[in-house]
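The structure appears right after this line, and notes come after that.
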Amino acid sequence: MHNFEEGSAAVPPRSAFGAVIAELRRTPLLALIAVVPVVFLLERVSPEAHTLLFVLSVAAIVPLAALLSRATEAVAAKTGDAVGGLLNATLGNLTELVIALAALQAGQYLLVKASIAGAIVTNTLFMLGGAFLVGGLKHHLQEFNRVNARFQASLLFLATIAILVPSLISEVDRAPAFSQQLSLGLAILLITVYALGMLFSLRTHRELFASSSHAEEEEKPWPLPVGTVVLIVVTLLVAMVSEIFVGSVQVAAQHLGMTPAFVGFIVVALVGGAAEMTSAFSAARANRLDLSVSIALGSAAQIALFVAPVLVLVSYFVGPEPMSLQFWPGAVAMMLVATMAATLLSNGGRAAWYAGVMALAVYAIFGLTLFLLPPGAPS
Amino acid sequence: MHNFEEGSAAVPPRSAFGAVIAELRRTPLLALIAVVPVVFLLERVSPEAHTLLFVLSVAAIVPLAALLSRATEAVAAKTGDAVGGLLNATLGNLTELVIALAALQAGQYLLVKASIAGAIVTNTLFMLGGAFLVGGLKHHLQEFNRVNARFQASLLFLATIAILVPSLISEVDRAPAFSQQLSLGLAILLITVYALGMLFSLRTHRELFASSSHAEEEEKPWPLPVGTVVLIVVTLLVAMVSEIFVGSVQVAAQHLGMTPAFVGFIVVALVGGAAEMTSAFSAARANRLDLSVSIALGSAAQIALFVAPVLVLVSYFVGPEPMSLQFWPGAVAMMLVATMAATLLSNGGRAAWYAGVMALAVYAIFGLTLFLLPPGAPS
Amino acid sequence: MHNFEEGSAAVPPRSAFGAVIAELRRTPLLALIAVVPVVFLLERVSPEAHTLLFVLSVAAIVPLAALLSRATEAVAAKTGDAVGGLLNATLGNLTELVIALAALQAGQYLLVKASIAGAIVTNTLFMLGGAFLVGGLKHHLQEFNRVNARFQASLLFLATIAILVPSLISEVDRAPAFSQQLSLGLAILLITVYALGMLFSLRTHRELFASSSHAEEEEKPWPLPVGTVVLIVVTLLVAMVSEIFVGSVQVAAQHLGMTPAFVGFIVVALVGGAAEMTSAFSAARANRLDLSVSIALGSAAQIALFVAPVLVLVSYFVGPEPMSLQFWPGAVAMMLVATMAATLLSNGGRAAWYAGVMALAVYAIFGLTLFLLPPGAPS
């Protein structure tokens, strides 16, 4: 969605391959990309090594997500401001979308839903809280644009309501047909609201969303063809690795003593959002908290209002049966709490390190609960 | 509660009849008043035509509500500021009260409760959201008095809590006697708090509630005798039409494929509030958002803190048995969400069109859910 | 936690005994201390007079709590600012802690939990609301430091989440071992967050928490040895009276027609917090609302983030079995509502009398519900 790391690229790379190499040199994390072929090899050689496949596919997704984020940004930067904003807004969570599609195709609806809820909670609490903490340890007080933060928090609130209602009603009355119809209607509604939100923030009222500290220029984005090629190739790679990940996660989770809820909620969310987290944290360190808040809350809102409803719509064509927007009550409660916490924290437009501690503590409470949850419990 | 429409009345009408005619000429909507005698006629001729009776009584209540609103305003304007405020505040939702009384007398407690909850949700989300949208499409950014908005939102929050507690407790332990006692106590408490709130906003701290844009004078209100006569006559007409409406709603809803929950929550609330909505929307178009917010939230707070408890007290004398303040969980959740949305939206004191879209989207979510709800579900 | 009453002590008392006598002379309430020996005597003579023992022990705890509060303040004042703040923060709710320990030792976990939840709700709604009302009746509008209020409200929100999660999960799946493990983890987490919060508010960002109106000096605190001796002696007395209180409360409540839930939630909380309430109300009357808000919300946050987790940890060594952080749903709902109300009320940094009325009305709703609750219901 945004730049992956700080740094200066004196000589612009000339080819997709060169660009990737240049990127690798600057970001040691990207060295993990060497794991990608290892995963494919291992999957051929010993498809039953679930735990190892799980660990390696997690390690492989992290650098791929980083490249994807950088390529999206490159394509967005070259296609003009409005289209670029649109691209950033729709492809910003491509990794999460691809992983969820792989799970959808495998019929693992519980994993899909856990990863949606987990991504919302992780972006809201862990990414925002981490940015507040990392930034606050270096800067005494940090300011950010409240209008943007409130806008994203309101979008999140809206989406949580949309998810809350079918989950609540279905508790009362278990009618699958009703739940399905309602989910379809809500999905269309959410995507419409999201589209109108982009119209609002990128077009009619863009001046409200101007950051106060965007002056300093970042490193040069890649040329358009490089960006496009990397975007396509890496998306395919993420899709392939995700399939291996989804195939191994169940057995591996059991071996590693983790509940499926914990894996979906915490592990997938942290892996899928690793690239954005690096951006958000380094922006906070550079005292550009506006950017951090925008990445964290914007990404959470996008998952809730775009990725989740798209998955509902796609489920009519992919996978064994249509997926509903109905979540288990615990997941809804966590999303609601995360939204309320984000609203409280972003309301004042100022942050200090302790705000980060509080957000991270709420995240730790959720993580601990999911980790200790008996395997038999609904997840 | 407030002026029904903009316009200028050069010649003040001289009689109640003349006033009504003058009003009719300026407001095409009022032409619907011709439906009133048709309803009464049809009810005599063919009392079994439930669907037609339902549609016609809905059409008849809209202009009557508008006249009632205008008459209340006229009486309030002539009786001095404090008494006028009091009258406006107590009679502002007379239509809703009369409809609910008719349902109460018929023993249709579910309809009474659905119409209370629906009026709160409709005023908070549809009326406020619509005003934001209508105003925002014409004006880039609109400001309003936050103190007033916060005050009304806090009153709403308080009332929702009062309704939440017996509903929550009764889930745990179904003791009708306990629920009844509690409802009686809460009703008295809510009315007391509402009375103190009027003391606060109309007397001790009235300067905080001053609107920033009330300078421009509205059309002249009716003379006091005209207002009084219209008030009495129209109230009686509303009561008679409401009785027909309540008698036909059940069968008609089935015929029209609407769930009873949808009718009570959405249809009755939209019909009962039509007059106030017209005022709120036209005020927003005229860039007097202060007035819109005050109408929308004030009306919602009044229903929660005055109409609902009055119905509980009245139920001891009217209808087969006393009514409790206990609502079904879904209704409580919707009221809570609407209150939180109103708090979020009115917190900043500024609005743009997208704030309206978000409120309307939440309302659409509720409407969709109630529309699709299987008829067997608790409503 | 803070000074117990206003006034001027011309001659500093010279001994612990003299200090207590001087205190007594200024504060008629302290005359209740004469009840303390009566309680001990009665408990020896007629241990079956439960109702009388209950009433007398309640009457005895009030003055002891006041002395304890004053002694803590004296010791804190003499040990330097940082340590003093720490002491105030840890011993501020010593009375509540001692009462809860007595109940813990007697295995009355329901009473322990009701008194924790009740203290949070009472401090947030009754103490804060009372201060707003008392202050507002004398002063038209009062201002207070929003940063401090928001900080304490956020801490409360965090703690309520920590308590919400195990209560919610355990509803779904009743696994006592899981609930116990989770409670232990959450207790450690909460104490850590509380310690970091003190680091933040007393050390790294103390300038944000500076009150705007602390100029006027209070009466001289006691000398350190006096404070220390009184602290130790009175703590022991409170412990002894608490034991009698806990032993008599069950039977007495039945005799007096009060539900156990009402006693734990309302009576114990009002008794334990009587001293702080006197401080908070007299500060509000003196137009030092900053101090009132800080006492009320600070005390609630301390109970949630320090007293409750300490009780969980201590329960591993005292009492028949470890205690969990799992509360009954009604208590969780009340804590959540109280936290939300505190957030709403303290958000603006201004108060008038009606804000107090609203907080007190919510408290009255809770009190009425608990009072009417059928005795068989879960409490």
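Is it the case that residue A:327 is touching a Phe, Trp or Tyr at 6+ places or on another chain (Cβ under 8 Å) and touching a residue at least 60 places away in the same chain (Cβ under 8 Å)? I'd like the intermediate steps shown before the answer.
Numbers: touching a Phe, Trp or Tyr at 6+ places or on another chain (Cβ under 8 Å): no; touching a residue at least 60 places away in the same chain (Cβ under 8 Å): yes.
For residue A:327, the condition - touching a Phe, Trp or Tyr at 6+ places or on another chain (Cβ under 8 Å) and touching a residue at least 60 places away in the same chain (Cβ under 8 Å) - is not met.
Looking across the stretch C:222-276, just one residue is touching an Asp or Glu at 6+ places or on another chain (Cβ under 6 Å) and surrounded by fewer than 24 Cβ atoms within 10 Å (Cβ to Cβ), and that is C:244. Suppose the filter is touching a helix residue (DSSP H, G or I) at 6+ places or on another chain (Cβ under 7 Å), within 14 Å of chain B (Cβ to nearest Cβ), under 24 Å from residue A:340 (Cβ atoms) and at pLDDT 85 or above; does residue A:157 pass it? Answer is yes for this residue.
I'd like to check something: does the stretch A:357-372 contain any residue that is at the interface with another protein chain (Cβ under 7 Å from one of its Cβ atoms), modelled with pLDDT under 90 and within 30 Å of residue C:199 (Cβ to Cβ)? Looking through the stretch A:357-372, at least one residue is at the interface with another protein chain (Cβ under 7 Å from one of its Cβ atoms), modelled with pLDDT under 90 and within 30 Å of residue C:199 (Cβ to Cβ).
Residue-by-condition table, conditions (1) within 10 Å of another protein chain (Cβ to nearest Cβ); (2) modelled with pLDDT of 90 or more; (3) closer than 25 Å to residue C:75 by Cβ:
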{"position": "C:173", "(1), (2), (3)": "yes, no, no"}
{"position": "C:181", "(1), (2), (3)": "yes, no, no"}
{"position": "C:196", "(1), (2), (3)": "yes, yes, yes"}
{"position": "C:204", "(1), (2), (3)": "yes, no, yes"}
{"position": "C:220", "(1), (2), (3)": "no, no, yes"}
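Residues in the stretch B:136-146: is at least one within 14 Å of chain C (Cβ to nearest Cβ), surrounded by fewer than 24 Cβ atoms within 10 Å (Cβ to Cβ) and in a helix (DSSP H, G or I)? Within the stretch B:136-146, one or more residues are within 14 Å of chain C (Cβ to nearest Cβ), surrounded by fewer than 24 Cβ atoms within 10 Å (Cβ to Cβ) and in a helix (DSSP H, G or I).
The values are calculated or read from the model by the stated rules, or taken from the named source; none is laboratory data. Because the structure is a prediction, the values reported are computed rather than measured. Every residue, glycine as well, gets a Cβ built from its backbone with ideal geometry; the counts of neighbours run over all protein chains shown.
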